[in-house]
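Asks: What follows is a single structure, and I will ask about it in a moment.
Readers should treat all values here as calculations from the given coordinates under stated rules, not as data from a laboratory. Everything numeric in this text was worked out from a predicted model, so none of it was measured. Virtual Cβ from ideal backbone geometry, glycine too; neighbours counted across all protein chains shown.
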Amino acid sequence: DQQVKQNSPSLSVQEGRISILNCDYTNSMFDYFLWYKKYPAEGPTFLISISSIKDKNEDGRFTVFLNKSAKHLSLHIVPSQPGDSAVYFCAASVGYGGSQGNLIFGKGTKLSVKP
Amino acid sequence: DAGITQSPRYKITETGRQVTLMCHQTWSHSYMFWYRQDLGHGLRLIYYSAAADITDKGEVPDGYVVSRSKTENFPLTLESATRSQTSVYFCASRGPQGQPQHFGDGTRLSIL
C-alpha cells in the first residue's frame with residue numbers, strides 16, 4: 001500500500017504562472033517531508049523540506065505547505081520557469097529524518113513549463 | 001571534487017552474472033542508501049547503512065548484497081542478476097539527523 005501518493009503523473013504550466021504539485025500521505029507518524037527535483041540522466045536534487053511542527057516553508061520561488069489534518073502537502077513554484085521542467089518527487093520520513101533517515105517516496109510528477 | 005559518485009554510469013550484463021555497483025562519497029556522511037527507480041514505482045529503498053559495518057534491509061532487498069567496510073564506500077552487489085533487476089540505481093548519503101539525503105547521478109543497469 002502506497003504511503004506517499006502523487007496522484008498527478010504530469011502537469012503542464014505556462015511560464016510565469018504558478019505550478020502547484022500535490023502529495024498525499026497515509027502514515028500519521030510521518031513528521032518530515034521533502035521535495036526533490038530530478039532531471040533526466042541525473043540524480044534527484046533536494047529542493048525544500050518541512051517538518052510537521054510547521055505548516056509552511058519558503059525558499060525563494062519555492063514554498064511547501066503542509067496540512068496535517070488532511071495528510072496533504074503541496075509545492076508551489078512562483079513564477080514558473082522553463083528550467084523548472086523536471087520530475088518532482090515528494091518524500092516523507094518518521095522522526096525528522098529518523099535514526100535511519102529512511103525516506104518513502106511518491107511516484108513523482110513530471111512538470112513541463114512552456115515558454 | 002566533493003560529492004557522491006556512482007560507477008559505472010551504464011552497465012549491460014547477462015542473467016546469472018554477478019555485478020557490483022559502486023558508490024563513493026567525500027562528505028564523511030554516516031548514512032548511505034541504495035534505491036532503485038522503476039517506471040510506476042518511484043524510488044524504492046534496497047539497503048541502507050548507518051555507519052561502517054552497519055547495514056540493514058530496506059523495502060526491496062531480495063537479490064542484493066551490500067557491504068560497508070569504509071565510511072566513504074557503499075557497494076551494491078547483485079550476486080546472480082535477473083531481468084527483474086533491470087533498473088536505474090541511485091546511491092545517496094546523509095549527514096546528521098534532519099539533513100536531506102544527497103543523491104548520485106545513478107547507474108542504469110540492463111540485464112539481458
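Asks: Look at A:ALA70 and say whether it is within 13 Å of another protein chain (Cβ to nearest Cβ) and more than 15 Å from the chain's Cα centre (by Cα).
Replies: No.
Asks: Considering segment B:1-40 alone, what residues qualify as being in a loop (DSSP other than H, G, I, E, B) and among the β-branched types (Val, Ile, Thr)?
Replies: B:THR15, B:THR26
Asks: Here is a follow-up. So, of the residues in segment B:50-74 that are within 26 Å of B:ILE111 (Cα to Cα) and buried (at least 17 other Cβ atoms within 10 Å of the Cβ), which turns out to be nearest to the other protein chains (Cβ to nearest Cβ)?
Replies: Among those that are within 26 Å of B:ILE111 (Cα to Cα) and buried (at least 17 other Cβ atoms within 10 Å of the Cβ), it is B:GLY58.
Asks: Which of the residues that make up segment A:61-98 are in a strand (DSSP E or B), among the polar types (S, T, N, Q) and either surrounded by fewer than 20 Cβ atoms within 10 Å (Cβ to Cβ) or without any contact (Cβ under 8 Å) to a residue 24 or more places away in the chain (or both)?
Replies: A:THR63, A:ASN67, A:SER74
Asks: Give me the strands (runs of 3 or more DSSP E) completely within segment B:41-112, filtered to those with at least 3 residues that are closer than 16 Å to B:THR20 by Cα, touching a helix residue (DSSP H, G or I) at 6+ places or on another chain (Cβ under 6 Å) and polar (S, T, N, Q), ordered by residue number.
Replies: Answer list for segment B:41-112: none.
Asks: Restricting to segment A:7-60, give me the number of residues that are closer than 18 Å to A:VAL78 by Cβ, of a type in the set (D, E, K, R) and touching a residue at least 24 places away in the same chain (Cβ under 8 Å).
Replies: Counting residues in segment A:7-60 that are closer than 18 Å to A:VAL78 by Cβ, of a type in the set (D, E, K, R) and touching a residue at least 24 places away in the same chain (Cβ under 8 Å) gives 3.
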